[in-house]
């Protein structure tokens, strides 16, 4: 597909301003609003729209591309998986069906929560957990609702196995070195040169808000804490 005239996907912050929605790839939306492209080509312009990104290397982009494909494949039959149109392995792009707006844009741009959003995101997180995985990318900008009022999610690179939730710190440096350095201070998250993603998942679940609503209830149901 030709993506030259596609526009970048941005997210709203709680104060209503628009900013980058991704540190891992270039998110693009087709002019008709019906296709979303996850472009993992490390030379993309989006990665450098606000800063010079010396740490955003081909190795880093390939790492996230491979993780996105891995967990897309694992969860492909779930009702909340994205509808894949095409995967371009050569150009490192994933194309999915899109429905104009993400949950972030609904909540912060249109001041409107998707129908039964709380039950839907809760069901998704609980099912992923039952399936043996933590998906840390539980934010509104990583979810959207299709024409059948069914919530779907992308950014699967942020998933990890519950049985082995650790990774080398260097794998996430490209994300943590941007606006997420505060996460390095989470107790128990960093252990020498390794990261405990279970700690990050629990922390994220405790603090993530969808508008004025938190996911703390989901956290308590999962961990009884």
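The values are calculated or read from the model by the stated rules, or taken from the named source; none is laboratory data. Every value quoted in this text rests on a predicted model; they were computed, and no experiment measured them. No Cβ is skipped: glycine too gets one built from the backbone with ideal geometry, and neighbour counts run over all protein chains shown.
Read through the list (1) at pLDDT 95 or above; (2) crowded, with 21+ Cβ neighbours inside 10 Å, then give the number of the only condition that residue 61 fails.
(1)
Given the conditions (1) out of contact with any helix residue (DSSP H, G or I) (no Cβ under 7 Å at 6 or more places or on another chain); (2) at pLDDT 95 or above, report the number of the one that residue 111 does not fulfil.
The failed condition is (2).
For segment 68-163, please list each of the strands (runs of 3 or more DSSP E) lying entirely inside it that holds at least 2 residues being surrounded by fewer than 18 Cβ atoms within 10 Å (Cβ to Cβ) and touching a strand residue (DSSP E or B) at 6+ places or on another chain (Cβ under 7 Å). So that I can check it myself, show each step before the final result.
Values: elements: 84-88, 93-97, 133-135, 143-145, 151-153, 159-161.
Output list reads 84-88.
This table checks each residue for (1) within 23 Å of residue 101 (Cα to Cα); (2) within 15 Å of the chain's Cα centre (by Cα); (3) touching a residue at least 60 places away in the same chain (Cβ under 8 Å).
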residue	(1), (2), (3)
117	yes, no, yes
122	yes, no, yes
130	no, no, no
146	yes, no, yes
167	no, no, no
172	no, yes, no
203	no, no, no
208	yes, yes, yes
212	yes, no, no
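Criterion first (in contact (Cβ under 8 Å) with a residue 40 or more places away in the chain and within 23 Å of residue 21 (Cα to Cα)) does residue 110 satisfy it?
On the way: in contact (Cβ under 8 Å) with a residue 40 or more places away in the chain: no; within 23 Å of residue 21 (Cα to Cα): yes.
In short, no.
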